[in-house]
1. Around Thr437, which amide H atoms from residues at least 5 apart in sequence, or from another chain, sit under 5 Å from its own amide H, with H modelled in the peptide plane?
2. Taking the Cβ-Cβ separation of Thr289 and Ala236 as r and a Förster radius of 35 Å, what is the calculated FRET efficiency to the nearest 0.05?
3. In nm, what is the difference between 0.36 nm times the number of residues separating Leu377 and Leu225 and their Cα-Cα distance?
4. What is the extension gain from Ile60 to Ser506, computed as 0.36 nm multiplied by their sequence separation minus the C-alpha to C-alpha distance, in nm to one decimal?
5. Could you derive backbone 3J(HN,Hα) for the range 222-235 from the dihedral phi with the Karplus parameters 6.51, -1.76 and 1.60 (θ = phi - 60°), listing whole Hz in sequence and x where the residue is Gly or Pro?
6. When only C-alpha pairs under 8 Å and at least 6 residues apart count, what is the relative contact order of the range 368-433, in percent?
7. For the residue pair Ser126 and Ile50, what label-to-label distance in nm results when each label sits 7 Å from Cα along the Cα-to-beta-carbon direction?
8. Report the local net charge at Val320: Lys and Arg +1, Asp and Glu -1, summed over other residues whose C-beta lies under 12 Å from its C-beta.
Amino acid sequence: MSGSQIDRPMFITTLMVIIGITFPIVFFNESSGSFITSLYDSITSHFGWIYQWYALLALIFLLWLAFSKYGSIKLAYCQDETPEYSTLAWITMIFCAGVGAGLLYWAVIEWSYYLKTPPLGIAQGSNAAKEWATTYPLFHWGVSAWAIYCLPAVAIAYPFYVRKIPFLRLSTGCGHFYSSAEANNAGGRKGRIVDFLYMLSLIGGAGTSLGLSTPMIAASIAEILGVSHDLVLEIAVVLFCIVIFGSSAFLGLDKGFKRLSELNLIATFSLLLFVLVAGPSLYILKSGTNSIGLIIQHFFEMSLWTDPVSNSGFVESWTVFYWAWWVAYGPFVGLFVTRISKGRTIKQLILGMLCFGSLGAWLFFIVFGNYAIDLQLSNTLNINALIATSGEATAISKIILALPLGQFALLLFAIVSVVFLVTTYDSASYTLASVTTAKLKEGQNPNRWNRLFWACALGIVPVALMYIDGGLKVILSTTIVVSLPLLVVSAFLAYSLVKMLQADYSSSESFKNDDSNF
């Protein structure tokens with residue numbers, strides 16, 4: 001069933017945001033690049049520590065919430081409802097929406113940056129630097145990242161399902177701050193401001209994800225087909241992905257996104273198993289185990305290390321960037337997870353995202369990252385030199401080609417990358433369509449044409465970012481710039497959630513039931 005009425009002000013505002021961002025990027029690309037990077041430098045140097053505290057406090061808050069008396073509350077209209085999707089399908093869809101092809105990009109080469117510029121004041125080239133090079137990626141894609149994703153999900157899902165607010169938007173999570181009249185009108189003016197910030201962050205975050213992933217996919221295709229890797233090929237990849245995720249968005253969650261996620265699960269585990277068996281298996285397993293041990297020992301140090309004395313720039317360039325990327329993407333993931341989590345308890349939602357999301361991401365970094373760094377350390381392939389001379393995308397394709405049956409492995413890698421990218425943008429178009437739908441009750445989906453429109457529109461900004469001067473630096477900087485206002489919104493989401501839970505729990509006995517098994 002689809003929600004039919006379009007929220008014209010939100011629809012037009014979102015479209016104007018895309019046009020407003022794209023126009024100066026395309027026609028004033030040099031000055032736009034300089035402006036974006038200068039904002040990036042200013043924000044990270046002055047506000048980076050806020051992102052670090054936010055990530056840690058969000059994790060602590062969610063763990064408290066999961067194991068509190070509120071953890072057994074079921075996210076459903078009736079407390080006896082069963083989950084809409086099986087646990088495996090639910091976890092798969094969450095993972096595909098939350099990581100995208102950016103996971104494959106960084107899983108293969110992130111270690112190389114840490115090997116050249118080690119964190120925590122470690123000497124370059126030392127054995128410790130080699131160990132931490134494969135550890136820090138697990139930290140950046142671990143529980144802190146998924147906590148940033150999970151907070152908006154819980155804050156939106158509770159009022160949407162339990163309080164029956166008929167709007168699937170970021171502003172839904174701020175229900176405590178609305179009057180009864182505002183609650184029935186998507187939060188009124190306050191809600192529209194919150195949703196505008198969400199749309200801005202999603203468009204910027206989407207540009208980052210596609211801007212990273214497209215060159216990687218294009219480089220893989222160029223190697224497979226023996227053609228040149230240029231801007232034309234990258235644009236062709238974007239258009240191809242738009243066609244696929246546009247079709248998926250048109251088909252809907254069950255026929256489109258769910259089937260793509262299931263396909264990706266099979267292809268992904270086939271690829272991971274192949275790399276593990278064909279690559280240096282023992283080194284991969286030992287190094288992965290060692291990295292997990294280092295994170296357990298040093299988690300709080302890594303979370304709050306600001307490097308105030310040497311100011312090497314590592315924290316701002318990596319940890320703060322990642323937390324900002326998750327903040328920018330968090331509302332989008334939260335909206336999508338809300339839609340597929342009917343019937344789950346608050347505890348199930350939190351632990352499911354924190355545990356399965358982190359373990360899934362770790363699997364990629366442990367297998368791909370340790371396989372790649374072994375090529376570098378054994379002098380089989382000089383990856384650092386490849387990155388310096390040919391770029392990250394080409395280096396990634398050469399790393400996969402170094403496997404036995406390299407052409408086959410690269411083809412499978414390209415397929416998995418495309419499907420990851422498609423599922424991410426499929427869910428993004430769904431949430432944008434939800435925001436621009438006047439009312440969306442439980443069980444309803446946005447109109448097909450609305451989902452299809454945003455599936456196409458989401459490709460505009462990434463193409464513009466690929467055209468801009470400055471390359472990867474500008475793409476990464478965009479994330480930081482658009483995420484800062486959402487830190488304030490996230491604080492309101494947490495406060496509003498607690499207030500709603502306290503008010504509802506004290507006035508109703510219906511929540512005081514036994515927690516169901518995961």
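1. It is Asp7, by chain and number.
2. FRET efficiency, Thr289 to Ala236: 0.25.
3. 51.7 nm
4. 158.2 nm
5. Taking θ as phi minus 60°, the curve returns 4, 5, 5, 8, x, 10, 6, 9, 9, 4, 4, 5, 5, 5 Hz for the range 222-235.
6. Reported as a whole number, the value is 15 percent.
7. Going by the 7 Å Cα→Cβ label model, 3.4 nm.
8. That sum, taken over residues with Cβ under 12 Å, equals -3.
Every read-out reported here was derived from the displayed coordinates using simple, explicitly stated rules and does not represent laboratory data. As the structure is a prediction and not an experimental result, all values here were calculated from the model. Glycine also receives a Cβ, built like all others from the backbone with ideal geometry; neighbour counts cover every protein chain displayed.
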